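Note sheet for the following structure.
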Amino acid sequence: MSAFPLIAVLAAVATGPNAARVAELAEHLPAAPAWTDAPYSTNPKAAKKLPSQPIPDCTDELYLLTTTTGDRDRYQKVYFGRQNLLEKLAGAVLATGDERCLQRTVEVLETICAERCWTMPAHDLKLTNFNGTFLTIDLGASHRALAVAGVLSQLGDRLPADVRAKAMRELERRVFSLYRATNRDSGDEKKFRTHRNWWFLTRNNWNAVCHSCVVRAALAVVEDRTDRAAFLEAAERAMAFFLDGFSADGYCSEGMGYWNYGFGNFLYLTESVRKATGGYLDFSRLPRARKAMEYAFGYTLDGKHCPVFADGGGGKASANLLDIGCRLWPELRALREQKLPPRTFFPDAQVYIGRASRIAFGVKGGNNDEFHNHNDLGSWSLLVDGEVVAGDPSGEIYTARTFSKDRYVADVLNSYGHPVPKVGGALQLVGAASAARILRQDFGAARDVVAFDLSEAYPATRGKKEALVREVTFDRAENAVTIVDRLRVAAPLAFESAVITRTPDCPFDVAATGGAFARESKEIRNPGRPSPHRHAVVFGEPVSEATVTWTYRAK
């Protein structure tokens, strides 16, 4: 699927709401709404300072920066700062009963209710929410709804009646009414599209996050039990679409960061719904749910780092999410407790991870139409003695351009900034047709070999089987990895092969055959983040047959 949220991401619409299922679910809900998450909690010592903290100022000027300069971060910092303050204050009231914290909670809650819009500017580039001409639900509005509902539910009558009524009106106007309308028309594609809540039945993290936040908010404050059940029935249909976004082997193409965010919200929703229905409705039983959970145990280099493919970044699975996963699937505790195996292989996603005593290495095939896609067939990450030293540079700090038609202007998103070849003077092509094919997978105790046909990724080799092959050998006994790129074409082509490092030094030995070549090194600018370095072998003349071999041995 496309990296861009508003392009080609609407899932095929199946059926709309099922009234019989709504009635069935209503029978398993309590008469009154209730908060199903953990109670807000704030350390009493920290609570003393909260009443004097200023309310972060979400100004129109900051909001409009996204459309004028592309800057998303400045508004989002104060936006979430305001919400975090609300939740901390409510937690302080629950922990201490401090009247000053309660009064400040009311002030922040009223400020949020009076906000011009609850959406984030990155998701409102046409400013319809800002101008009040057309309201939509985005990630931000969903989180706002959950935070407001959490405060209303947990503080209850401690809040003034007029403030509670105002907050409920805003929840209805900005989120609940829009959700109901989108759900109502979710069986009619033409009507469905008019609501612009494209995420409702899509297959990426937005689906899980928005449904999770909105449904948990509804469970907390929506009085009518049948109404609450309608939210559950909508989420039940939606989660099937979300889980279909994972490959059959459980792989999350968005990366670990978005697994934590998207699948994490699926887990939060699953636990909340189980609690609200006494275990009657359980999303963990849906197809691919368990395999998607297993991804967190396998997609890691050493338990602390993972390959940084796509926008999801490195890091590791959240310990809290692993706890939830083991509660939902107790049999997975063994995966959490066991020593990492010598390799993990996701065959459907074409992702291999090898582990040795000092190094670990991950390499991917896939295609260039994945969620949060980078043009990165053949990309890899190398970890040495607990530090990622070379390979995929991950992504960029998001701006308005990141998810626009100009996404691949950025070298860390196109293939130039990835450790992959350049063929015929061209970078890798965008789209599902730009797909790798596994030619070989030979796994042994001492050595693993994986080979990919990357021909479909480049204009000059598309349609020519095995014109460009990347073969990776992971030598566990020697703590070494070898990456071989082989070009074989009828008509000579310009050709270069590259590795990417975190520093100006290149720790790889390199050899090449097929013609005279030069070594080139270049820093790739990545504003706001460390700039990686591209080290390339560049053939001086077009070649019809050539081989470039990169070898790393731990010293």
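The values are calculated or read from the model by the stated rules, or taken from the named source; none is laboratory data. The structure displayed is predicted, hence computed values, not measured ones. Every residue, glycine among them, receives a Cβ derived from its backbone with ideal geometry; neighbour counts consider all protein chains shown. Accessible surface areas use protein heavy atoms only, side chains included; no ligands, DNA or RNA. Shrake-Rupley method; radii C 1.70, N 1.55, O 1.52, S 1.80 Å.
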Next item on the list: Report the calculated FRET efficiency for VAL78 and ALA46 (r = Cβ-Cβ distance, R0 = 22 Å), to the nearest 0.05.
Entry: 0.65
Note to self: Only four residue types carry charge here, +1 at the Cβ of Lys and Arg and -1 at the Cβ of Asp and Glu. Report the dipole size of the chain about the Cα centre in Debye, rounded to the nearest 20.
What the structure shows: 360 debye
Check: Given the protein chains as shown and a 1.4 Å probe, how many square angstrom of CYS113 are accessible, to the nearest 10?
Finding: 10 Å²
Notebook entry, point to check: For the chain, what relative contact order do you get, as a whole percent, if you take Cα pairs closer than 8 Å and at least 6 residues apart?
Noted result: 12 percent
Check: How do ILE438, ILE353 stack up against each other in accessible area, from largest to smallest, with a 1.4 angstrom probe?
Finding: ILE438, ILE353
Note to self: Would you report the distance distribution of C-alpha pairs in the range 128-240 as whole percents per 10 angstrom bin, up to the bin with the largest distance?
What the structure shows: 14, 47, 31, 7, 0
Next item on the list: Taking only protein heavy atoms into account and a 1.4 Å probe, give the accessible area per residue of the range 401-462 in Å².
Entry: 37 Å²
Check: Using 0.36 nm per residue, how much length does the chain from GLU107 to ARG437 gain when fully extended, once their Cα-Cα distance is taken away?
Finding: 113.0 nm
Check: Using a Förster distance of 56 Å, how high is the FRET efficiency between LYS275 and ASP57, based on the Cβ-Cβ distance and rounded to 0.05?
Finding: 0.90
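Is it possible to state the helix-based mean residue ellipticity at 222 nm for the chain, with each DSSP H run of 4+ residues giving -39500 (n - 2.57), the sum divided by total residues, to the nearest 500 deg cm²/dmol? What is it?
Rounded to the nearest 500, it is -10000 deg cm²/dmol.
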Checklist line | Candidates per trypsin sites (Lys or Arg not before Pro) in the range 390-449, loop by DSSP, up to 11 other Cβ within 10 Å | finding: LYS405
Checklist line | Relative packing of 204-211, 476-483, which averages over residues the other C-beta atoms within 10 Å, highest first | finding: 204-211, 476-483
Notebook entry, point to check: What is the dipole size for the range 312-414, taken about its Cα centre, with +1 at each Lys and Arg Cβ and -1 at each Asp and Glu Cβ, in debye to the nearest 20?
Noted result: 340 debye
Margin query: If packing is taken as the average count of other Cβ atoms within 10 Å, what order do 343-351, 28-36 fall into, highest mean first?
Written below: 343-351, 28-36
Check: So how much slack lies between VAL538 and ARG285, counting 0.36 nm per residue of separation and subtracting their Cα-Cα distance, in nm?
Finding: 85.9 nm
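For the range 144-253, which GluC sites (Glu not before Pro) are both in a DSSP coil and crowded by at most 16 other Cβ atoms within 10 Å? Don't skip to the answer; put the middle values down first.
Values: sites: GLU170, GLU172, GLU189, GLU223, GLU233, GLU236; in loops: GLU223.
Passing sites in the range 144-253 are GLU223.
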Check: How far is it, in nm, from the label point at VAL409 to the one at GLU27 when both lie 7 Å from their Cα along the line to the Cβ?
Finding: 5.8 nm
Check: Round to a whole number: what % of the accessible area of the range 156-295 belongs to carbon and sulfur, probe 1.4 Å?
Finding: 49 percent
Checklist line | Distance in nm between pseudo-label sites at ALA248 and ILE524 (7 Å out along the Cβ direction from Cα) | finding: 3.3 nm
Notebook entry, point to check: Out of ASN84, VAL106, CYS117, whose Cα points farthest toward the positive end of the dipole of the range 41-196 (charges: +1 Lys, Arg; -1 Asp, Glu; placed on Cβ)?
Noted result: ASN84
Checklist line | Label selected from (1) 24.5; (2) 26.5; (3) 33.4, the criterion being mean projected area of the Cα convex hull in nm² as computed here | finding: (2)
Margin query: Please report the projected area of the range 367-410's Cα convex hull averaged over all directions, in nm².
Written below: 3.9 nm²
Item checked: Dipole magnitude (debye, nearest 20) for the range 129-171, charges at Cβ of Lys, Arg, Asp, Glu -> 80 debye
Check: Can you tell which of PHE297, ASN197, PRO532 lies farthest toward the positive end of the dipole of the chain, using +1 and -1 charges on the Cβ of basic and acidic side chains (Lys, Arg; Asp, Glu)?
Finding: PHE297
Item checked: Distance (nanometres) between label positions extended 7 Å along Cα→Cβ at ARG447 and THR15 -> 5.6 nm
Next item on the list: With a 1.4 Å probe and every protein chain left in place, work out the accessible area per residue of the range 303-365 in Å², rounded to a whole number.
Entry: 41 Å²
Item checked: Burial order of peptide ranges 83-90, 157-164, 131-138 (average beta-carbon count within 10 Å, highest first) -> 83-90, 131-138, 157-164
Check: For the range 235-329, treating each Cα as an identical point scatterer without solvent, what Debye log10 I(q)/I(0) comes out at q = 0.13, 0.20, 0.25 1/Å?
Finding: -0.40, -0.93, -1.37
Check: Over the C-alpha atoms of the range 8-153, what are the Rg and the largest Cα-to-Cα span, Dmax, in Å?
Finding: 18.5, 52
Item checked: Leading residue at positive end of dipole, the range 405-470 (Cβ point charges), from GLY431, HIS418, GLY444 -> GLY431
